[in-house]
1. Any residue at all in the range 72-86 that is under 18 Å from the mean Cα position of the chain (by Cα) and either assigned to a helix (DSSP H, G or I) or buried (at least 16 other Cβ atoms within 10 Å of the Cβ) (or both)?
2. Here is a check on your reading of the model: is Glu289 closer than 30 Å to Gly36 by Cβ and away from the ligand (no atom under 16 Å from the Cβ)?
3. Filter the range 79-103 down to the residues that are touching a strand residue (DSSP E or B) at 6+ places or on another chain (Cβ under 7 Å) and within 14 Å of the ligand (Cβ to nearest atom), then identify the one that is farthest from Val174 (Cα to Cα).
4. Checking Arg22 against (1) touching a Leu at 6+ places or on another chain (Cβ under 9 Å); (2) in contact (Cβ under 8 Å) with a residue 60 or more places away in the chain, which test does it fail?
5. Quick one: which of Leu178, Leu205, Leu193 is more than 24 Å from Leu98 (Cα to Cα) and outside the structural domain of Asn107 (by TED's automatic domain parsing)?
6. Identify, by number, the condition in (1) of a type in the set (Gly, Ala, Ser); (2) closer than 30 Å to Asn133 by Cβ; (3) surrounded by fewer than 18 Cβ atoms within 10 Å (Cβ to Cβ) that Ala213 doesn't meet.
7. Looking at Arg16, Arg22, Arg55, Arg63, which is the one that is closer than 28 Å to Pro101 by Cα, of a type outside the set (S, T, N, Q) and in contact with an Asp or Glu (Cβ under 8 Å, 6 or more places away or on another chain)?
8. Check off (1) within 30 Å of Glu18 (Cα to Cα); (2) in contact with a Gly (Cβ under 9 Å, 6 or more places away or on another chain); (3) more than 15 Å from the ligand (Cβ to nearest atom); (4) in the same structural domain as Val254 (by TED's automatic domain parsing) for Val212 and give me the number that stays unchecked.
Amino acid sequence: MSAQILDGKATAAAIRTELTERVSALKARGVTPGLGTVLVGDDPGSHSYVGGKHRDCEQVGIRSIRRDLPGDITQEDLEKVIDELNDDDETTGYIVQLPLPAHLDANAILERMAPEKDADGLHPTNLGRLVLNVSAPMDSPLPCTPNGIVELLLRHDIHLRGKNVLVVGRGVTVGRPLGLLLTRREINATVTLAHTGTVDLERHLSEADVVVAAAGMPGMITAEHLKPGAVVLDVGVTRVVDPETGKATLRGDVAQDAAGVAAWLSPNPGGVGPMTRAMLLMNVVEAAERQ
Ligand SMILES: Nc1nc(=O)c2c([nH]1)NC[C@@H]1CN(c3ccc(C(=O)N[C@@H](CCC(=O)O)C(=O)O)cc3)C=[N+]21
């Protein structure tokens, strides 16, 4: 048996097609949505992700605003860029690509963003609305990766009501907000949030109906850990550079052999990554529709 594929690439492409129509409708009303990106430094992975976001924008008709800044920029100068984007009428929504270099205070930057322009759903106000359960679809943005995971499952007709979902990783962009989203009444999953302090991860894995691997540890989840028929989403991504050739490859948290045991598997690449980008576009379009 081999798992059925949760095809994030195709699902994201379908969502982009739907968004193209919504963007056209906005333009007919005289509103052109614009996505801004703030990229600090020259990390090749971050550059490649930001490039992908701008390509997506072009495809659906969203205007791109790009601020590429030197790696040694001061907190003060970065805050000036944030203030400019908050005031810029062409920028409907924007993101600050994470991680920022260690000398910068990322939380202070996120907090300085205008919450209604937060395309990542990571502003404290928007995360707070998620906790308070007031961010119904159209009221405020949801974090892109958790929202992309839910959308990917729903569009494959996989429902989580009453399921045991194990989320591995408590990061601010994926694990922590995903737990909040999946325990909403409309989804009603039972969530276990595992992290580096978890004792007996193997027992949790063996009991999980759904595993979301967002730890950033290449190949950590293998076939022998999984309950047969589990739904497995491979979210963590690590850029592994071959020391001999210098060639970089992206590796997920789930080992190849998981496909022999899981009922459904989201590959990496080609799974949750493209969905994350599609949800970013969705947040920008919804912000423009709210204007
Ligand atoms: N403020 C902020 N928001 C983010 O959403 C954010 C971030 N910072 N920092 C880094 C992580 C990582 N992330 C990915 C998004 C898409 C793919 C993606 O589309 N990957 C493709 C492959 C891309 C390639 O080949 O380069 C795939 O999975 O098929 C991957 C990773 C967003 N992040």
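The values are calculated or read from the model by the stated rules, or taken from the named source; none is laboratory data. This is a predicted model, so every value here is computed, not measured. Virtual Cβ from ideal backbone geometry, glycine too; neighbours counted across all protein chains shown.
1. No, because not a single residue in the range 72-86 is under 18 Å from the mean Cα position of the chain (by Cα) and either assigned to a helix (DSSP H, G or I) or buried (at least 16 other Cβ atoms within 10 Å of the Cβ) (or both).
2. Criteria met by Glu289.
3. Leu85
4. Checking Arg22 against (1) touching a Leu at 6+ places or on another chain (Cβ under 9 Å); (2) in contact (Cβ under 8 Å) with a residue 60 or more places away in the chain, the one that fails is (1).
5. Within the list Leu178, Leu205, Leu193, the selection yields Leu205.
6. With (1) of a type in the set (Gly, Ala, Ser); (2) closer than 30 Å to Asn133 by Cβ; (3) surrounded by fewer than 18 Cβ atoms within 10 Å (Cβ to Cβ) applied to Ala213, the lone miss is (3).
7. Answer to the check: Arg63.
8. Every listed condition holds for Val212 apart from (3).
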